[in-house]
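One structure is given here, and the rest of the page talks about it.
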Amino acid sequence: MARTHKNEIKTTGPPAPRDKLRKGNNDVPENPEDTDSTLVVVKRLKLHGPRPADPIEEDTHDQFCHLCHNGGDLLLCDECPRAACKAHFPDVFNLSVQDLEEVHFRCLACHFYQSMHAPDVKEQGKHKPYWGLYRKHEGGLLPWLAEPLRVEAPAHRAPHSRVNTAPIVIIHIRLADFADAGSPARATQTFLDPYYRTTRPDKLVYIDAPYCFDTVDDATSFRNGLTKKLGVLDQLPGARVLVFIFTHSEETSGDLFWTPSESSDSLQEWWAQVIPPALMTAGAKHEVTLAMLACGSLVQSPTQRQTLKSLAERMQVERVFAFGASAVLACFTGSFFMSFASSVLIAGMVVDDAHLARLLDASTLLARHTSVLLFAREKSGDHRLCVREYTWSHKKIQPWGQVLPMQCPSCRCVYTFVVKSGHDGHQHAYCSAKGCSYMSTYQKHADHVAIATGEQGAWMVRPLGPL
């Protein structure tokens, strides 16, 4: 007999009865300020988060070197927020304390940018020696040293890279059935912690908000508790906000769940009961990224996808990530969000097609598991979002982004398909089992475009032999 094993379901899209929240009998205050308890739902769930912070005097400079990502004795650029280790500029150690107070420092990134965007069109793109240190003279700048500044640093970062340690607030709204430990939200917080722990511990904030609603009163208690914790946003102007919504989605309608076994009857109602006004308006003052960790039924329907888009636009979010697989494994997304945090929130990379493709390449488990949907603004200042779907394609494994069956439907053999290109541009998968003539054809969708990611390096290996 076949061996079986029953375990906790890790995917986020089972079928369930759909219903509105029932009215409760408790007298729950609508005003968060009238809520004394920190409980999410009385006697059931606690909302974990930071204690209220005092206003923080804003320090706009980074706390780590943009060249090596290390800390220590730093030079602060006078033209941008970047910092750089003094050790990368040996000539600086010849300057006196008074000289350092008077000198104007231009980092390598600013120098490179000015070389590429010189006012004189004829000078644009021309490489020039790096002087780095300047003295102010009659409204302008003159080189401090007689020779260009020496740089001794590893060239392992892009010229425009930085280590942006401005505040980040991570909000994890999760169905209580899902654990916080090991979740993509917690993994992202753990990854970011070294950038903040020793220099700006109050500027990396994590709010864990588990929920499980039986009644409207439960939902009101939850929103009141979360609203109190969101008061930290007022103490952190300009914070980047990363909101993870980790819950089940009903497999036919795509509606999100109230409890582990009961779905809402509309996405709009779920949003109104779960997302407090303080979070709905956060996008007006903060850069908000929304990560929807729910199964693909949430976005597979054009109607439900449009509803999510409209709700996100009302929040004025910068972007939304969602996943198209019918049974999304949230644990597969952890490396993607850690790479996003590193390259976008910290290093300041732009989320264009090429960079998103590189992030997805770093998330190897996602490729054959799910498509990724990005709702993003087409231009700065425009709250409208456009939606793009990213699907992994491989000539032999996933032709034109379409999944090959594991088993041949004709002979029932497994892993037998061989894919060959046809003269018509289609990919033809043939079963290679002896005596089987099954063949399936895969066509490229007319609107699919391959993403050019630029020249990419490759790892090399060599044997070093015995020591």
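The values are calculated or read from the model by the stated rules, or taken from the named source; none is laboratory data. Keep in mind the model is a prediction, meaning the values are calculated, not measured. Counting neighbours? That spans all protein chains shown, and the Cβs are built from the backbone with ideal geometry, glycine included.
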**Message:** So, in region 85-106, how many residues would count as being more than 39 Å from the chain's Cα centre (by Cα) and β-branched (Val, Ile, Thr)?
**Reply:** 1
**Complete:** Considering region 258-304, residues that are among the hydroxyl-bearing types (Ser, Thr, Tyr), under 22 Å from the mean Cα position of the chain (by Cα) and crowded, with 17+ Cβ neighbours inside 10 Å, and then whichever is nearest to residue 317 (Cα to Cα), we arrive at 289
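Filter region 421-448 for residues that are at pLDDT 90 or above and not in a loop (DSSP other than H, G, I, E, B) and give the result. Show your work before the answer.
If we filter region 421-448 for residues that are at pLDDT 90 or above, which is where we start, we get 428-441.
428, 429, 430, 431, 439, 440, 441 - these are the residues of region 421-448 that are at pLDDT 90 or above and not in a loop (DSSP other than H, G, I, E, B).
Test residue 272 against the stated conditions and say whether it is out of contact with any Pro (no Cβ under 9 Å at 6 or more places or on another chain) and without any contact (Cβ under 8 Å) to a residue 12 or more places away in the chain.
On the way: out of contact with any Pro (no Cβ under 9 Å at 6 or more places or on another chain): yes; without any contact (Cβ under 8 Å) to a residue 12 or more places away in the chain: yes.
It is true that residue 272 is out of contact with any Pro (no Cβ under 9 Å at 6 or more places or on another chain) and without any contact (Cβ under 8 Å) to a residue 12 or more places away in the chain.
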**Item:** Condition check for residue 350: closer than 19 Å to residue 288 by Cα, surrounded by fewer than 17 Cβ atoms within 10 Å (Cβ to Cβ), of a type in the set (Val, Ile, Thr) and at pLDDT below 95
**Value:** yes
**Complete:** Reported set for region 372-389 where residues are surrounded by 14 or more Cβ atoms within 10 Å (Cβ to Cβ), in contact (Cβ under 8 Å) with a residue 60 or more places away in the chain and either basic (Lys, Arg) or within 17 Å of residue 305 (Cβ to Cβ) (or both) is 373, 375, 385, 387, 389
**Asked** Restricting the first residue to region 348-362 and requiring it to be within 19 Å of residue 164 (Cβ to Cβ) and in contact (Cβ under 8 Å) with a residue 12 or more places away in the chain, which pairs with a second residue that is hydrophobic (A, V, I, L, M, F, W, C) and assigned to a helix (DSSP H, G or I) meet a Cβ separation below 7 Å and a spacing of at least six or different chains?
**Response** 351/344; 359/336; 359/340
**Asked** Does residue 436 count as surrounded by 16 or more Cβ atoms within 10 Å (Cβ to Cβ), hydrophobic (A, V, I, L, M, F, W, C) and outside the structural domain of residue 301 (by TED's automatic domain parsing)?
**Response** no
**Item:** Residue that is surrounded by the fewest Cβ atoms within 10 Å (Cβ to Cβ), among those in region 201-224 that are closer than 16 Å to residue 259 by Cβ, over 23 Å from the mean Cα position of the chain (by Cα) and not β-branched (Val, Ile, Thr)
**Value:** 214
**Asked** Does region 243-257 include one or more residues that are modelled with pLDDT of 95 or more and surrounded by fewer than 22 Cβ atoms within 10 Å (Cβ to Cβ)?
**Response** no
**Item:** The one condition in (1) surrounded by fewer than 21 Cβ atoms within 10 Å (Cβ to Cβ); (2) in contact (Cβ under 8 Å) with a residue 24 or more places away in the chain that residue 108 fails to fulfil
**Value:** (1)
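Only one of 337, 321 is aromatic (Phe, Trp, Tyr), buried (at least 19 other Cβ atoms within 10 Å of the Cβ) and not in a helix (DSSP H, G or I); which?
Details: 337 fails: not in a helix (DSSP H, G or I).
Criteria check complete, one pass: 321.
Just give me the residues in region 150-174 being aliphatic (A, V, I, L, M) and in contact with a Phe, Trp or Tyr (Cβ under 6 Å, 6 or more places away or on another chain), in sequence order.
Initial filter on region 150-174 (aliphatic (A, V, I, L, M)): 151, 153, 155, 158, 163, 166, 168-171, 173.
163, 170 - these are the residues of region 150-174 that are aliphatic (A, V, I, L, M) and in contact with a Phe, Trp or Tyr (Cβ under 6 Å, 6 or more places away or on another chain).
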**Prompt:** Would you say residue 310 is assigned to a helix (DSSP H, G or I) and surrounded by fewer than 17 Cβ atoms within 10 Å (Cβ to Cβ)?
**Reply:** yes
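Conditions (1) crowded, with 20+ Cβ neighbours inside 10 Å; (2) assigned to a loop (DSSP other than H, G, I, E, B), marked per residue:
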site	(1), (2)
152	no, yes
162	yes, yes
170	yes, no
185	yes, no
189	yes, no
192	yes, no
199	no, yes
